[in-house]
Amino acid sequence: MNNKYVLVPVELLKNLKELAKGTEYEDEVKKVLESREAIENHDVTKLPRTAVVKKVIDGDTVELFNGTILRYVGITAPEEGEDFAEEATKLNQELVEGKEIKLEYDNYTSDKFGRILAYAVVDGKNISVELALKGMAELVIYQKRKPFIYQTQLLEAQEQAKKQKLGIWKTSQS
């Protein structure tokens, strides 16, 4: 089964919470609402510090077992239909799917789509840096925002991938 993601208003979920009582979905709805509250309030103390990756969505986004969507900080990977999108997704799966990850937060903990923003760390390796190192993601720098905590490491990884013409840099002239 190939699940698609649908954005659902929080108010609708709150109403569904009552309907889900006593059903197999009660715990799922409760977990999602609890994590939503932490995300909306940017309450880092309530955001998960560790989690297990349930499913990789693409090269820079995963679903955690509690239903929360995690978008990696500092990078962007090719989107579906773009060159290297499949390779980036596959590498992300190899690095994190089914594994327990440590979540490290930066200056911004959520995005406009309600996803949490964090670095995923597995066995001491920052996954954002690993993806950039293999040429499967590109550093994102936002003007008029604080630099990312790992901006230097991400930039170094990206430069190394460019020099070696890996992944998205294979045909690049830079």
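The values are calculated or read from the model by the stated rules, or taken from the named source; none is laboratory data. Being a predicted model, the structure only gives us computed values, none of them experimental. Using ideal geometry, Cβ is built from the backbone for each residue, glycine included, and neighbour counts are taken over all protein chains shown.
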Within region 122-141, track down each residue that is closer than 21 Å to residue 55 by Cβ and assigned to a loop (DSSP other than H, G, I, E, B).
123, 134, 136, 137
One residue from 83, 58 being over 19 Å from residue 117 (Cα atoms), assigned by TED's automatic domain parsing to the domain that holds residue 102 and modelled with pLDDT of 85 or more:
83
Note: among 108, 119, just one is in a strand (DSSP E or B) and either of a type in the set (Ser, Thr, Tyr) or touching a strand residue (DSSP E or B) at 6+ places or on another chain (Cβ under 6 Å) (or both), namely 119
Of all the residues that make up region 62-96, how many are without any contact (Cβ under 8 Å) to a residue 60 or more places away in the chain, exposed (fewer than 14 other Cβ atoms within 10 Å of the Cβ) and part of a loop (DSSP other than H, G, I, E, B)?
4
I'd like to know if region 136-159 contains one or more residues that are modelled with pLDDT under 95, surrounded by 18 or more Cβ atoms within 10 Å (Cβ to Cβ), in contact with a Gly (Cβ under 7 Å, 6 or more places away or on another chain) and aromatic (Phe, Trp, Tyr).
yes
